[in-house]
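*Asks:* Handing you a structure now.
The values are calculated or read from the model by the stated rules, or taken from the named source; none is laboratory data. Just so it is clear, the model here is predicted, and its values are computed rather than measured. In this analysis, Cβ positions are derived from the backbone assuming ideal geometry, glycine residues included, and neighbour counts consider all displayed protein chains. For the accessible areas, the whole protein counts, side chains as well, though only heavy atoms, and no ligand, DNA or RNA atoms are used. Shrake-Rupley method; radii C 1.70, N 1.55, O 1.52, S 1.80 Å.
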Amino acid sequence: MTTVGIPAGWPATEEEARAVQDELRGRVVLDESGPPPGTGRVTGVDVAYDDERDVVAAAAVVLDAASLDVVAEATAVGRISFPYVPGLLAFREIPTVLAALDALPCPPGLVVCDGYGLAHPRRFGLASHLGVLTGLPTIGVAKNPFTFAHDAPGAARGSASPLLAGTEEVGRALRTRDAVKPVFVSVGHRVSLDNACAHTLALTPAYRLPETTRRADASCRRALQDATIRH
DNA sequence: GCGACAG
DNA sequence: ATCTTGTCGC
């Protein structure tokens, strides 16, 4: 486990944070399809908080994309770098997530984020931001709808309905389990939406949420506990 | 102006 | 995100 502080020059206000998004947005790569599902490695990242003690813990868990077995894992803890503001989630999660990714002993392959990428008010959600900063292919899989309305997808696993920004499809509500609430998939960096959905289905053989985020969620909670017991 | 709002 | 027990169902 590694420890991180708040990066120098990190935005201190919402206005500064929005300016950073507006500047970095142009670096997102949307014309690559990304690695094929079921090959190589897929990494889940997630973060847990103790606002009382100003502690944040992040985890990066690398899975073999074919077997979904865990092949590597790393965690990091730090101070909370930004308050939760809808639309600015990345500024709260990214410093610790980057530290966890840096601590991995192997390349992460495709990174699956908890939250949105393109389907964001300024088209630059957490998955987009993490992709631009690392250069890695990223996608966002969120548990709840955010800024874009959608029709309910069909009841069968695999059914999807678009998240529309006008006529532009910025993401999809994707059913990963029959008759269970869908997840919300959007592109981060260097991955197509079709491929992002294919990855999401490959990562959900048994549960609504991708194995990557389930593993990362459990891992960062443990890390927060370990960092928070006593002191 | 009012409500909604990823994690 | 987080606070939190049991309970219904496959």
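*Asks:* Can you pull out every residue in the range A:26-46 that is part of a loop (DSSP other than H, G, I, E, B) and either in contact (Cβ under 8 Å) with a residue 60 or more places away in the chain or in contact with a Phe, Trp or Tyr (Cβ under 7 Å, 6 or more places away or on another chain) (or both)? Let's see the steps before the verdict.
*Replies:* Taking the range A:26-46 as the starting set, the residues that turn out to be part of a loop (DSSP other than H, G, I, E, B) are A:28-40.
If the condition is that a residue be part of a loop (DSSP other than H, G, I, E, B) and either in contact (Cβ under 8 Å) with a residue 60 or more places away in the chain or in contact with a Phe, Trp or Tyr (Cβ under 7 Å, 6 or more places away or on another chain) (or both), then A:V28, A:V29, A:L30, A:E32, A:S33, A:G34, A:P35, A:P36, A:P37, A:G38, A:G40 are the ones that fit.
*Asks:* Identify all residues within the range A:191-210 that are over 18 Å from A:D46 (Cα atoms) and surrounded by fewer than 21 Cβ atoms within 10 Å (Cβ to Cβ); write none if there are none.
*Replies:* Correct list: A:S192, A:D194, A:N195, A:A198, A:L201, A:A202, A:P205, A:A206.
*Asks:* Does the range A:56-74 hold any residues that are out of contact with any Ser or Thr (no Cβ under 6 Å at 6 or more places or on another chain), of a type in the set (V, I, T) and in contact (Cβ under 8 Å) with a residue 60 or more places away in the chain, and which are they?
*Replies:* Of everything in the range A:56-74, just one residue is out of contact with any Ser or Thr (no Cβ under 6 Å at 6 or more places or on another chain), of a type in the set (V, I, T) and in contact (Cβ under 8 Å) with a residue 60 or more places away in the chain, namely A:V70.
*Asks:* May I ask you to list the residues in the range A:120-161 that are within 14 Å of A:G188 (Cα to Cα), more than 16 Å from DNA strand C (Cβ to nearest atom) and assigned to a strand (DSSP E or B)?
*Replies:* Hits for the range A:120-161 are A:T138, A:I139.
*Asks:* Which of (1) within 16 Å of DNA strand C (Cβ to nearest atom); (2) out of contact with any Leu (no Cβ under 9 Å at 6 or more places or on another chain); (3) open to solvent by 20 Å² or more (accessible area, probe 1.4 Å); (4) in contact (Cβ under 8 Å) with a residue 60 or more places away in the chain does A:S81 not meet, given it meets every other one?
*Replies:* Of everything listed in (1) within 16 Å of DNA strand C (Cβ to nearest atom); (2) out of contact with any Leu (no Cβ under 9 Å at 6 or more places or on another chain); (3) open to solvent by 20 Å² or more (accessible area, probe 1.4 Å); (4) in contact (Cβ under 8 Å) with a residue 60 or more places away in the chain, A:S81 misses just condition (3).
*Asks:* Which condition does A:E73 not pass, out of (1) touching a helix residue (DSSP H, G or I) at 6+ places or on another chain (Cβ under 7 Å); (2) open to solvent by 10 Å² or more (accessible area, probe 1.4 Å); (3) at pLDDT 95 or above; (4) within 16 Å of DNA strand B (Cβ to nearest atom), if it passes all the others?
*Replies:* Tallying (1) touching a helix residue (DSSP H, G or I) at 6+ places or on another chain (Cβ under 7 Å); (2) open to solvent by 10 Å² or more (accessible area, probe 1.4 Å); (3) at pLDDT 95 or above; (4) within 16 Å of DNA strand B (Cβ to nearest atom), A:E73 fails exactly one: (4).
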